[in-house]
Amino acid sequence: MTSLPDDLLLAGAGVLAGVVGTAGGITTLVSYPALLAAGVAAFPANVANIVAVVACWPGSAIASRPELRGRGGWLARWAAVTAAGGAAGAGLLLSTPAGAFTRVIPYLVAAGSLTLLLQPRVSALADRRVRGSRPVLAGGLFSVSAYNGYFGAGAGVMTLALMLLVVDEHLARANALKNMLIGSATAASALVLVAAGPVDWSAVGPLAAGMFVGSTLGPRLARRIPAGLLRWLVALVGLGLAAKLWISPG
């Protein structure tokens with residue numbers, strides 16, 4: 001059980017994570033450290049984080065209605081791919097020994113942070129011949145969604161880069177599609193994890209509530225502000241967290 005100060009910490013972190021994640025950044029690099037700070041151990045913190053992130057799905061859908069207009073059929077088709085990937089990733093997480101997971105966390109966090117820093121360079125490739133390629137989109141979405149179901153730091157940015165590369169070079173529209181596809185993958189992952197249990201619902205509750213609020217703001221910010229400064233700040237925090245976890249796992 002978490003205390004009232006921990007609940008307030010998680011709710012506040014959830015708002016920030018929801019804003020950052022749905023505006024194009026990395027949700028987990030904000031929410032996961034908050035779970036650790038609230039006293040949740042590494043493996044259950046990862047499970048609680050995946051379950052809580054589902055709250056970003058409806059919030060970002062509400063905020064992204066202009067960008068999503070006319071995309072219902074396209075999203076239904078590709079959300080099925082991301083859901084399959086997310087479920088596969090959750091299955092991998094459940095079959096991985098807790099000790100092995102603790103050892104790999106720093107590298108996953110560092111990879112997510114570096115992915116965030118490299119996002120503009122990756123997005124600059126959007127005019128290459130892969131635009132519109134269904135095999136590239138299917139393979140990319142399934143792979144990133146499987147990673148998202150396992151841990152997920154950087155999965156949103158990877159998906160955004162894929163959207164910009166293959167689907168739509170307009171940032172706000174690509175970001176809205178990314179939020180919906182990540183939401184599908186996360187929901188599938190969460191269903192697997194909840195079915196397997198246990199989930200620390202005392203941590204999920206305040207974090208998810210904050211994420212819902214933040215996710216209604218993130219897409220609106222993505223329409224209006226450059227993400228350069230935010231990208232660097234979140235990435236540096238993530239690299240700092242990776243270093244801490246590498247020195248002192250769990």
Per-selection metrics, the stretch 4-247 (Cα): Rg and Dmax in Å: 16.3, 53
query: What is the mean projected area of the alpha carbon convex hull for the stretch 10-101, to one decimal in square nanometres?
result: 6.6
statement: Here the net charge surrounding ALA79, from other residues whose Cβ is less than 13 Å away from its Cβ (Lys, Arg +1; Asp, Glu -1), is +3
- prompt: When the chain is treated as a GNM, springs tying every alpha-carbon pair under 10 Å, which of LEU162, LEU16, LEU36 comes out with the largest mean-square fluctuation?
  reply: LEU36
message: Can you tell me the length gained on complete extension of the stretch ARG134 to ARG220, counting 0.36 nm per residue apart and subtracting the Cα distance?
response: 28.1 nm
task: Taking 7 Å along the Cα-to-C-beta vector as the label spot, tell me the ARG121-SER95 distance in nanometres, rounded to one decimal.
output: 3.4
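Every number here is computed from the coordinates shown, using simple stated rules; none is lab data. Computed from a prediction, not measured in an experiment: that's the story for all the values here. Because the Cβ atoms are built from the backbone with ideal geometry, glycine has one as well, and the counts that use them run over all protein chains shown.
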